[in-house]
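The values are calculated or read from the model by the stated rules, or taken from the named source; none is laboratory data. Treat the numbers as computed from the prediction; the structure is a model and nothing was measured. With ideal geometry, Cβ positions are generated from the backbone for all residues, glycine too; neighbour counts draw on all protein chains shown. Just so you know, the surface numbers come from the protein's heavy atoms only, side chains and all, with ligands and any DNA or RNA stripped out. Shrake-Rupley method; radii C 1.70, N 1.55, O 1.52, S 1.80 Å.
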Amino acid sequence: MDRALKMVYYDDADVEHDIFAQLNLALKNFRGIGMPRDESATRRILDQIHRQSRAFAAVCYGFMRSKGIGVSRDSGEGQQWYREAAYWFREEAESGAGTSASNLGYLYAKGLGVPENPDMAADWFRDAADRGSPVAIYNLGVCYLNGWGVEQDDSKAVELLQSACDHNDVTAASVLAYLYLEGRGVKRDLGKSFEYNLRAARAGSIEAASALGYAFGVGLGAERNIEASISWFELAAGEGDAYAQANLAMYFCHSSELKLFNRGWQMLSFACDQGDVSAKYQMTQILIFGVNHREPDYSKALDLAMDLAELGHPGGYHLIGVMYEHGLGVPVDMKRAAGWYERAARKGSANGQSALGRLYAIGNGVRQDNVQAYYWLKLAAPAQNTLAYRELDAVRARMTVEEIHRADKLFISDPAPRRSHVGLRTIE
């Protein structure tokens, strides 16, 4: 099951808190991942959770044991505590508590204290949704989006997520932003995607703030604004969001000021050491293309790109393609370049789609094909000011009416290569 699902409690002010988001923040503070090590912050978070109920205290103990926060790590004992949480959530759910029913569904979705069972998870989410639980409506929407315990149905997912969003569910707004970005269950609309992310970010969603940093950085659904991009990335990075930290580090690394470059390179190096793929992707770009204070290093770049490729990261596929296309540390090989670009494109990489479309347009490494060029460039061209959009215009200008008809039909029948599961890391 995907991390987009959530388990929540409501505090005395009836404010929703995502318990696992808080627990993971406690873990980051405890280990110093993406932020200074701060055990006092860890204790404050854990104490707040403990005070909620026996069920949440058990979840907290389960997480602490499973991750080794302040106690020896013991996955078996962690599962015992999760089993106790499942017992109490079931008791509360059978007494009519909708949120507890949703939380029990979460445990079944993740296999915490109970056997992992998507069907049972969806049943409990549906039961809780029928009682009006906004978080259950959201979780059931995610199930329909991914086909977990129910038949996959984008339209039903959008309906449920919109309902949750209407109940002021912040995470639902973030997922709707993703759906409007990719055109899943709705007509692709970059402006609406931006609006939903802005709504979620203003309500406190760190992932939405990170997505806004990217949107402002490239002009996706809004005018390009580097200052706003840095501001949103800084907000998300301060809360330990690795994607935001990696992108913020990239801004610093491209600075002409050595002090800022050193800060950015240190951030990237630290994140890479922690195994963060976003940081590895950004560092690989620097090692390929170089920046003011760092010369290219093709050998290290290829090693990192291959690491990313082994992890299935589309950016790794794309960057290996770049190296083969331009002979950067490897012999020029257009067929290999096209192959790597296609792997990236089919994983949803806009850069890979753009590069593959360009090769089809000129017939380099692949057979020249205007229809395929149009298809891939259109996927890669969400905004009019992009290079992919200008290349799309050039291809369209030389196509016959029949070719355009076939290309449009292909785009409608297969609007985008989709990720197997929705997560809130919406943009490469």
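At-a-glance table
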| read-out | value |
| --- | --- |
| Relative contact order (percent, whole number), region 1-152, Cα cutoff 8 Å, 6+ residue spacing | 17 percent |
| Cβ-Cβ FRET estimate between Ile412 and Ser155, R0 fixed at 22 Å, reported to 0.05 | 0.85 |
| Label zone at His167, where the point sits 7 Å out along the Cα-to-Cβ direction: region 19-45 residues whose backbone N lies under 18 Å | 19-20 |
| Listed residues Leu359, Leu220, Leu311, most fluctuating in the chain (Gaussian network, C-alpha, under 10 Å) | Leu311 |
| Over region 1-111: Rg over Rh, Cα atoms, Kirkwood Rh | 0.96 |
| Region 45-122, accessible surface, carbon-and-sulfur percent (1.4 angstrom probe) | 44 percent |
| Sequence of Val158, Val59 when ordered by accessible area, the most exposed leading, probe 1.4 angstrom | Val158, Val59 |
| Relative contact order of region 97-168, defined on C-alpha pairs under 8 angstrom at six or more residues apart (%) | 26 percent |
| Proximal lysines relative to Lys409, as straight alpha-carbon distance under 19 Å, when same-chain residues fewer than 8 apart are discounted | Lys187, Lys378 |
| Whole-Hz couplings from phi, Karplus 6.51/-1.76/1.60, listed for region 310-316; x for Gly and Pro | 5, 7, x, 7, x, x, x |
| Rounded D (µm²/s) - the chain, Kirkwood Rh over Cα pairs, Stokes-Einstein at 25 °C, 0.890 mPa s | 106 µm²/s |
| Rounded accessible area of Phe411 (nearest 10 Å², 1.4 Å probe) | 40 Å² |
| Where the chain is the region considered: accessible area per residue in Å², 1.4 Å probe | 45 Å² |
| Rg and Dmax of region 122-206, Cα atoms only, in Å | 12.2, 35 |
| Computed Kirkwood radius, in angstrom, where 1/r is averaged over Cα pairs of region 33-76 | 11.1 Å |
| Between region 59-107 and region 171-190, the alpha-carbon center distance in angstrom | 32 Å |
| For region 15-150, with +1 on Lys and Arg beta carbons and -1 on Asp and Glu, the positive-most of Ile69, Tyr108, Tyr87 along the dipole | Ile69 |
| FRET efficiency, 1/(1 + (r/R0)^6) with R0 56 Å, evaluated for Tyr10 and Ile404 via beta carbons | 0.55 |
| Percent accessible area from carbon and sulfur atoms, region 133-249, protein chains only, probe 1.4 Å | 46 percent |
